[in-house]
1. List every residue pair whose Cβ atoms sit under 7 Å apart, with the two residues 6 or more apart in sequence or on different chains, where the first one lies in region 181-196 and is more than 20 Å from Pro171 (Cβ to Cβ) and open to solvent by less than 70 Å² (accessible area, probe 1.4 Å) and the second, anywhere, is among the hydrophobic types (A, V, I, L, M, F, W, C) and in a loop (DSSP other than H, G, I, E, B).
2. Of the conditions (1) within 20 Å of Val43 (Cβ to Cβ); (2) surrounded by fewer than 13 Cβ atoms within 10 Å (Cβ to Cβ), Ala150 fails just one. Which one is it?
3. Mind checking whether some residue in region 45-62 is more than 30 Å from Pro171 (Cα to Cα) and at pLDDT below 95?
4. Which of the residues that make up region 52-84 are open to solvent by 70 Å² or more (accessible area, probe 1.4 Å) and among the small types (Gly, Ala, Ser)?
5. Inside region 41-51, can you point out the residues that are farther than 26 Å from Ala137 by Cα, assigned to a strand (DSSP E or B) and open to solvent by less than 30 Å² (accessible area, probe 1.4 Å)?
6. Report, by residue number, each residue of region 159-174 that is in a strand (DSSP E or B) and surrounded by 16 or more Cβ atoms within 10 Å (Cβ to Cβ).
7. Could you grab me the full set of residues in region 178-196 that are within 19 Å of Asp153 (Cβ to Cβ) and of a type in the set (D, E, K, R)?
8. Kindly indicate whether any position in region 116-127 is charged (D, E, K, R) and in contact (Cβ under 8 Å) with a residue 40 or more places away in the chain.
Amino acid sequence: MLRSTRGIRRFIAGRVVGVGMSAVVAACGKDSTAPLTPSLVTVTSGANQSGTVNAELTQPIAVLVTDASGHPVSGVTVTFTPNAGAGTASAAQATTDNGGLAQVNWKLGTVAGLDSMTVSIGSESAIVTAIGTADVAAQIAIVSGNSQAAPADSTLAAPLTVKVTDQYGNPVSGVTVNWSSDDGGVLANNTTVTDA
């Protein structure tokens, strides 16, 4: 809003003094309290972690919600959905704080390998991945080579093979397996280490 005065005169000490033109300007700015519209969700931390199956990852999954101009948006409901078999989130939804951030903890599924979680706000989403590793060795089972027959003092045709797994059935690598013969036979190795 602009107001102007022209030709204003006043008397000072018996003289006429011309004021000329003066102006007063009032600026009308955009309402800074208008709510921002969330348009993008970005994973800021916690992605690409590795952890033991059926256990919570060390770092929480944190995301940032922003508007089209990159400004953080608070008060937005973010949905965290682990994909089938990928475990559970500590909460199905979380609300962004004043900095536009929201986070949950992620407990992986029981199957070793790649797990993924979808993080979404409305139609916008992002994918977070993590690797589940096998738990400690808990079981051993015969795979092949059992119940063979061969002449005395000869080598069996097929090797003896066993599989070591954790409590959920995931193969466990790097485990030392001890072998012994109950009838005096000779083994090529008394110990072997499980492969991948």
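1. Ser181/Leu187; Leu187/Trp179
2. Just one mismatch for Ala150, condition (1).
3. Among the residues of region 45-62, not one is more than 30 Å from Pro171 (Cα to Cα) and at pLDDT below 95, which makes the answer no.
4. Ala68, Ser69, Ala84
5. Residues of region 41-51 farther than 26 Å from Ala137 by Cα: 41-47.
Narrowing further to those that are assigned to a strand (DSSP E or B): 41-45.
Residue satisfying the conditions is Val41 alone.
6. If the condition is that a residue be in a strand (DSSP E or B) and surrounded by 16 or more Cβ atoms within 10 Å (Cβ to Cβ), then Val164, Thr165 are the ones that fit.
7. Residues satisfying the conditions are Asp182, Asp183.
8. Going residue by residue through region 116-127, those that are charged (D, E, K, R) are 124.
With in contact (Cβ under 8 Å) with a residue 40 or more places away in the chain added as a condition, the list becomes 124.
Yes, region 116-127 contains at least one residue that is charged (D, E, K, R) and in contact (Cβ under 8 Å) with a residue 40 or more places away in the chain.
The values are calculated or read from the model by the stated rules, or taken from the named source; none is laboratory data. Since we're looking at a predicted model, the values are computed, not measured. Neighbour counts are summed over all protein chains in view; Cβ atoms, including those assigned to glycine, are modelled from backbone coordinates with ideal geometry. These accessible areas exclude ligands, DNA and RNA; they are computed on the full protein's heavy atoms, side chains included. Shrake-Rupley method; radii C 1.70, N 1.55, O 1.52, S 1.80 Å.
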